[in-house]
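Each remark here refers to the structure printed beneath this line.
What follows is calculated from the coordinates using simple rules that are stated; it is not laboratory data. This one's a predicted model, so the numbers in the text were calculated from it and none came from an experiment. As a convention, Cβ positions derive from the backbone with ideal geometry for all residues, glycine included, and neighbour counts pool all protein chains shown.
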Amino acid sequence: MDPSALRYDFEHALLAMNRDEARRLLARVPGPPLAAIEALIVPSLARLGEGWERGQIALAQIYMGGRICEELVDTLLGSSQNERYGRPRMAIATIEDHHQLGKRIVSSALRGSGFQLIDYGVGTVDSIAARAVSDGIEILLLSALMLRSALRIRDVRTRLADRPIRVVVGGAPFIFDHALSREVGADAMATNAFHAVEVVRSLSQGSLPQGSLPQGAPWV
Amino acid sequence: MGLTSAARVRRTLSGEEPDRVPWFLLVTLHGARELGLSIREYFSKPEHVVEGQLRMRARYRHDCLYGFFFAALEAQAFGSDVLWFDDGPPNAGRPVASSHEQILGLAPPRVADHRGLCDVLVALEGMKRAAAGEVPVIGVIMSPFSLPIMQLGFERYLDVLLEHREAFLHLMRVNEEFCVEWGNAQLAAGADVLVYFDPVASSTITPRALYVETGFEVARRTLARLKGPVATHFASGRCLGVLDDVLKTGTPAIGVGSLEDLAAVKAACAGRATVVGNLNGIEMRHWSDAEAEAAVRAAIAQGAPGGRFVLSDQHGEIPFQVPERVLMAVSDAVHRFGRYPIEQSPPSP
């Protein structure tokens, strides 16, 4: 089957929240599991993210599409962490905010793309910063729905100022105010959950995708 | 002598151009700063909120009094904790229901049994007295379709909405009963209009086909039982994709987010509803006076011609971090550039 036709059908299966069809289509990709993930899941999720940014796809579809991909990858790779990308070491959290859907979708997108990450759940500035240091985290993803929670990221950044930990931010306040990611000292901003995958890849390779680097960012 | 705020708003709702663009400054937390109180102290007495609203209106010369305290109050009525912060609205704590059994065990709380809800009613009574018929008093209800974000948590709610229809339908029955009692109590206490906050209905969150099957029916049933006008607000979500459906609920006004094309929404409403919006409250924190003026003029140019337009923010709540200087700049711009007939030339960059 033509790869682009396969991707088209896979995206539509995700939008229709059709697990069985998505599984069937993924099984048609030849090669090892990570190759199948790269060929089908990663580009499909990226397109869903772009569709959401343009207002053409709803968050409920993004959520379920990410979850389906996460389940498919769990099945493909099993419980073994060895088959997943072991680097960069990543964690994700929200700061004093029980709105966790964004964090969940980003987790699904990253796990569905073959990455590992630790979910810190809801934490305080101190607890998140301390844990990121003790876990040897290289990329800390912070998701925010509430403005006050987004602004607290600045305090996390300050706590981590002398650490080689890159902070990636995302969530509604950053979409409504593109200057906010720079204001809180983020190293990068993801405009949607699947863009986060691209940002993580680029950060680990020392480059960033267009649009994700806050102006005046202190590195790169 | 200009129109009263109430007359100004009535005129725009009827599709006429009043003396100037009405504007709703939907501040909920700035009154605390004005009164020198913490946010928690501020909301501990309804008299504080009345005083805060009156002082805000005296300063910024806008066209409403806003009886909204904070969204987590409704979740608290269902048993959730409220988490207080010094620099933002209180949040709902952990969800009150997650398992199927817990959801099926939910029952509508009574308004009279919850002190916080009763405080809102007292505040609305106070605002109504102070308004003396000259200023619209706004009450707020969370849509039964959107309240579960706080009751269940967003992720769990999407699971229920998408995959557990029995639990969803029970949840909607419970929430509709509560919403109708709560909304009608606010109307009886003095609210002239209710705002039905329904972000989950927006096409940002729910695909249209699913909305039509679920949230639309909830809204249609709920609005039909509320004994007053009910504006629909999507709390920054996009609405164009479901606008025709939403208007079938009988709502007379639509709250528009800043990611949406205001002129396109106005055109799509085509005289069927008033458009409310859509200043960006997040960016507003760091607007210069010139940026505030440009934003106001752009919104007015897109929305105001022909009436049926109220200038407001995108979300239904101005963030606490927006400084008073910016609010004053917005106010000055509305009073300067919002006079009808509206000058059609766009603001200079």
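Considering only A:LEU140, A:LEU77, A:LEU110, the Gaussian network model of chain A with Cα springs below 10 Å gives its largest mean-square fluctuation to A:LEU77.
Label positions at B:ARG115 and B:ARG40, each projected 7 Å from the Cα along the C-beta direction, are separated by 1.3 nm. For chain A, the longest principal axis of the alpha carbon atoms and the long axis of helix A:42-53 meet at an angle near 60°. Taking the Cα centre of chain B as reference, the dipole from Cβ charges on Lys and Arg (+1) and Asp and Glu (-1) amounts to some 800 debye.
Computed from point charges on the beta carbon alone (+1 for Lys and Arg, -1 for Asp and Glu), the dipole magnitude for segment B:107-210 about its Cα centre is near 60 Debye. Give the relative contact order (percent, whole number) for segment A:90-205; include only Cα pairs under 8 Å separated by 6+ residues. Here the relative contact order equals 28 percent. Just check segment B:192-278 against the gyration tensor rule for me: Cα atoms, a ≥ b ≥ c as the square roots of the eigenvalues, rounded for a/c under 1.5, and otherwise prolate or oblate depending on whether a/b exceeds b/c. Since a/c reaches 1.5 but b/c is at least a/b, the shape of segment B:192-278 is classed as oblate. Listed by Cβ neighbour count within 10 Å, with the fewest neighbours leading, A:MET146, B:MET127 appear as A:MET146, B:MET127. Within chain B, DSSP assigns beta bridges of which about 10% are antiparallel (rounded to the nearest 5). Under a Gaussian network description of chain A, with springs only between Cα atoms under 10 Å, the residue in A:ALA16, A:ALA109, A:ALA186 that fluctuates furthest is A:ALA16.
Between 0 and 90 degrees, rounded to the nearest ten: what's the tilt of helix B:165-189 against the longest Cα principal axis of chain B? With both axes taken from Cα atoms, the answer is about 50 degrees. Restricting segment B:40-80 to trypsin sites (Lys or Arg not before Pro) that sit in a DSSP loop and have at most 16 other Cβ atoms within 10 Å of their own Cβ leaves B:ARG61.
Between the residues A:PRO32, B:PRO18, B:GLY67, the greatest Cα displacement towards the positive end of the dipole of the protein assembly as shown, with unit charges on the Cβ of Lys, Arg, Asp and Glu, is found for B:PRO18.
Across B:THR204, B:THR232, B:THR274, mean-square fluctuation computed from a Gaussian network of chain B (C-alpha pairs under 10 Å connected) peaks at B:THR204. How big is the antiparallel share of DSSP beta bridges in the protein assembly as shown, given as a percent to the nearest 5? Of all bridge pairs located within the protein assembly as shown, approximately 5 percent are antiparallel. Helix B:289-303 and the long axis of chain B differ in direction by around 80°, with both axes built from C-alpha atoms.
Please label the shape of the protein assembly as shown as rounded, prolate or oblate, based on the square roots a ≥ b ≥ c of the eigenvalues of the alpha-carbon gyration tensor (a/c under 1.5 means rounded; beyond that, a/b larger than b/c means prolate, else oblate). The shape class here is prolate. The relative contact order of segment B:117-182, computed from alpha carbon pairs under 8 Å that lie at least 6 residues apart in sequence, is 31 percent.
Seen through its C-alpha gyration tensor, with square-root eigenvalues sorted a ≥ b ≥ c, segment A:1-112 comes out oblate because a/c lies at 1.5 or above while a/b is not bigger than b/c. Think of each Lys and Arg Cβ as +1 and each Asp and Glu Cβ as -1; about the Cα centre, that makes the dipole of the protein assembly as shown roughly 380 debye. Within straight-line reach of B:LYS266, meaning a Cα separation under 18 Å, sit the following lysines at least 8 residues removed in sequence or on another chain: B:LYS248. With the charge dipole of the protein assembly as shown set up from +1 on Lys and Arg Cβ and -1 on Asp and Glu Cβ about the Cα centre, the Cα lying farthest toward the positive end among the listed residues B:VAL200, B:SER80, B:VAL275 is that of B:VAL275.
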